[in-house]
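The values are calculated or read from the model by the stated rules, or taken from the named source; none is laboratory data. No experiment lies behind these values; they were computed from the predicted model shown. Neighbour counts are summed over all protein chains in view; Cβ atoms, including those assigned to glycine, are modelled from backbone coordinates with ideal geometry. Areas reflect the complete protein model, heavy atoms only, side chains present, ligands, DNA and RNA absent. Shrake-Rupley method; radii C 1.70, N 1.55, O 1.52, S 1.80 Å.
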Amino acid sequence: MPDDHRRRHGFSTRMSHAGRAGVRIHGFVNPAVHRGSTVLFPDAASRMAAASKRYEQHMTYGTQGGPTHYALEDVIAEIEGGTRCTIVGTGLAAVAVPLLAYLKAGDHCLMPDSVYGPARNLATGLMQGWGIETTFYDPCVDEAGMRALIRPNTKVVYTESPGSHTFEVQDIPAIARAAHAAGAKVMMDNTWGIHTFQPFAHGVDVSIQALTKYVGGHSDILLGSVTVNSEEDHLAVRSAASAMGHYASPDDCWLALRGVRTMAVRLKTQAAAALEIAAWLEQQPQIQKVLHPALPSHPQHALFKRDFTGACSLFGIVLDARYSHEDMLRFVDGLSLFGIGASWGGYESLAIPTTGFITRSANTGDFGGQTVRIHIGLEDVADLKADLAQGLHALG
């Protein structure tokens, strides 16, 4: 299906058809799993010529991917609105690869104070050890504030919007204008905004996804993606991933391809359920505030409405100030339908304490009460409300 024709179709249609051979074929609906390490060539000259195509969708060796990887790359590039995609083994690998592709000793990186914890650990650990300095900035910074933070050696401005624990929405176009004026690359962890935020239309150069979440959809794979919109950025990312030996299992790629076929309906259903539950939680006396960008009460709701076409099923709650840390743990432990575990985007609901698990260094993130992150799965909304009501009632 030609790209210009396909992009006129709705998201569900595109997710049903992208990365496939088409419907007018003789063969199975789904592409096969291609596993392999050694790639054979018809002659020595062909193998030598293939070296110049190692960063293309051309088989040269197993670590450079095969047809199963290429199909998933095409689907994710379609979702993100980019041109080229690199698949790696985890979401954290998708964070690390572009950072290390663009940064070297003596460079400076800017990261939001609300950044995903392992990304912060990478910046304050390996990157610092390699002579790369990182400054953590207020995620709600405006364009003038970002300009003031950028130094002559700032090469990367990293963003994550909303923050995956505290849900601050960043003004990505304003940040991108300031960064690009100084010659810095803009990276974004766009996992929360998959499909609903088009990164390249808002000034992002490199978009990061944890495909473990909604693309997989069943909490049984680990994958990440790095999508770009230019050949220059593709070469930088792909060559860095290759140099560091990053690779993704073709079996996980196949499961992600299967998951993405139903992602549109899952995401829509879960997002609607999450917003209904978030609005209901706002009315409960035990709750001080709900951290959901799609609620009018959210501090950056106007930015959300401007830049996003929808939400996902992950949000936070802040308990009333009268409740202690032990009360918060008792609330989480008392839920019977919500699992207690990392990640999100699967079919199951989750609740994890976030107070005490968040590191901040730029004087941000004080919400005046104990915080819990909630992920809404595919259970009946009435059952989830009843379970939450029971847990809140136990708080008194």
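What nm distance separates the two modelled labels at H301 and D74, each placed 7 Å from Cα along Cα→Cβ?
4.2
Considering every Cα-Cα pair within the chain, what fraction, in whole percent, is farther apart than 36 Å? Present the calculation step by step, with values, prior to reporting the outcome.
Values: 19888 of 78210 pairs.
Every Cα pair in the chain considered, those over 36 Å come to 25 percent.
Would you mind getting me the FRET efficiency between S361 and A144? Use the beta-carbon distance for r and R0 = 22 Å, nearest 0.05. Please list the in-between numbers first.
Values: r = 22 Å, r/R0 = 0.98.
E(calc), rounded to 0.05, equals 0.55.
Could you pull the accessible area for L126 with a 1.4 Å probe, rounded to 10 Å²?
Counting only protein heavy atoms, L126 exposes about 100 Å² to solvent.
Sum up the charges of everything whose Cβ sits under 11 Å from the Cβ of Q57, counting Lys and Arg as +1 and Asp and Glu as -1, but leave Q57 out. Mind showing how you got there, number by number?
Numbers: positive: K53, R54, R84, R238; negative: E56, E73, D74.
With Lys, Arg at +1 and Asp, Glu at -1, the neighbours total +1.
Once Rh for the range 96-173 is found with the Kirkwood sum over Cα pairs, what is the Stokes-Einstein diffusion coefficient at 25 °C and 0.890 mPa s, in µm²/s? Intermediate values should be presented prior to the final figure.
Working: Rh = 12.7 Å.
Answer, rounded: 194 µm²/s.
May I ask for the angle, rounded to the nearest 10°, between helix 250-260 and the longest principal axis of the chain, with both axes built from Cα atoms and the value confined to 0 to 90°?
Rounded to the nearest ten degrees, it is 60.
Quick one: putting +1 on the C-beta of Lys and Arg, -1 on the C-beta of Asp and Glu, what dipole do you get for the chain around its Cα centre, in Debye to the nearest 20? If you can, show how the numbers build up before the last one.
Numbers: 32 positive and 38 negative charges, 185 e Å.
Computed charge dipole of the chain: roughly 880 debye.
For a quick size check, give me the Cα extents of the range 142-196 along its three principal axes, largest first, whole Å.
Principal extents (largest minus smallest coordinate, Cα): 32, 17, 16 Å.
Note the full-extension length gain between D220 and L378 as 0.36 nm times their separation in residues minus their Cα-Cα distance, in nm to one decimal. Provide the component values of the computation, followed by the final result.
Numbers: separation 158, 0.36 × 158 = 56.88 nm, distance 1.60 nm.
Length difference between fully extended and current span is 55.3 nm.
Tell me, what is the per residue accessible area of the chain in Å², probe radius 1.4 Å?
Numbers: 16840 Å² over 396 residues.
For the chain, the solvent-accessible area averages 43 Å² per residue.
Evaluate E = 1/(1 + (r/R0)^6) for T269 and R151, where r is the Cβ-Cβ distance and R0 equals 35 Å; express this FRET efficiency to the nearest 0.05.
Details: r = 45 Å, r/R0 = 1.29.
Rounded to the nearest 0.05, the efficiency is 0.20.
Based on DSSP loop calls and a cut-off of at most 12 other Cβ atoms within 10 Å, the longest stretch of the chain free of exposed trypsin sites (Lys or Arg not before Pro) is what?
Here the longest segment lacking exposed loop sites spans 105-321.
On a full-extension model of 0.36 nm per residue, what is the gain between D43 and A182, subtracting their alpha-carbon distance, rounded to one decimal in nm?
Numbers: separation 139, 0.36 × 139 = 50.04 nm, distance 4.84 nm.
Answer, rounded to one decimal: 45.2 nm.
Rounded to the nearest whole Å³, what is the per residue volume of the convex hull around the Cα atoms of the range 300-339?
On the way: hull volume 3.8 nm³, N = 40.
Output value, Cα hull per residue: 95 Å³.
For the range 356-396, report the % of Cα-Cα distances exceeding 17 Å.
Numbers: 424 of 820 pairs.
In whole percent, the long-distance tail amounts to 52.
How much of the DSSP bridge set in the chain is antiparallel, in percent, rounded to the nearest 5? Write out the running numbers ahead of the final one.
Details: 23 of 40 bridges.
Of the beta bridges lying entirely in the chain, close to 60 percent run antiparallel.
Which distance in Å, rounded to a whole number, links the C-alpha centroids of the range 66-111 and the range 210-268?
With the range 66-111 and the range 210-268 each reduced to a Cα centre, they are spaced 8 Å.
Regarding the range 260-343, what are the three Cα extents along the principal axes, ordered largest first, in Å?
For the range 260-343, the Cα spread along each principal axis is 40, 30, 20 Å.
Relative to the compact globular guide of 2.2 N^0.38 Å, what is the alpha carbon radius of gyration of the range 63-131, as a ratio?
Working: Rg = 14.4 Å, N = 69, 2.2 N^0.38 = 11.0 Å.
Compactness ratio reported: 1.31.
Take the Cα radius of gyration of the range 291-396 and divide it by 2.2 N^0.38 Å, with N its residue count; two decimals is plenty. Write down the numbers at each step before the final one.
Details: Rg = 14.4 Å, N = 106, 2.2 N^0.38 = 12.9 Å.
In units of the 2.2 N^0.38 Å rule of thumb, it is 1.11.
What does a probe at A321 reach in the range 124-168, counting residues whose amide N is under 15 Å from the point 7 Å along Cα→Cβ?
Inside the label zone: nothing.
For the cross-link pairs K104/K213; K268/K385; K104/K305; K155/K289, which exceed 25 Å when the distance is taken from alpha carbon to alpha carbon? Please list the in-between numbers first.
Numbers: K104/K213 30 Å; K268/K385 19 Å; K104/K305 37 Å; K155/K289 37 Å.
Beyond 25 Å: K104/K213; K104/K305; K155/K289.
For every other residue with a beta carbon closer than 10 angstrom to the beta carbon of G217, add +1 if it is Lys or Arg and -1 if Asp or Glu, then tell me the sum. If you can, show how the numbers build up before the last one.
Working: positive: K213, R258, R261, R266; negative: D220.
Residues close to G217 contribute a combined charge of +3.
If I stretch the segment between M244 and S336 completely, what's the gain in nm (0.36 nm per residue apart, minus their alpha carbon distance), one decimal? Intermediate results must be reported in sequence, preceding the final value.
Details: separation 92, 0.36 × 92 = 33.12 nm, distance 4.25 nm.
Stretched out fully, the M244 to S336 stretch lengthens by 28.9 nm.
Please report, in whole Å, how far the alpha carbons of the range 1-81 spread along each principal axis, starting with the longest.
Here the Cα extents, ordered largest to smallest, are 45, 28, 19 Å.
Please name which of S343, V115, G89 has its Cα lying farthest along the dipole of the chain towards the positive end, using unit charges on Cβ (Lys, Arg +1; Asp, Glu -1) and the Cα centre as origin.
Checking the options against the dipole of the chain, the answer is G89.
Roughly how compact is the range 193-319, stated as its Cα Rg over 2.2 N^0.38 Å to two decimals? Could the numbers behind the result be given before it?
Working: Rg = 17.5 Å, N = 127, 2.2 N^0.38 = 13.9 Å.
Relative to the 2.2 N^0.38 Å estimate, the range 193-319 comes out at 1.26.
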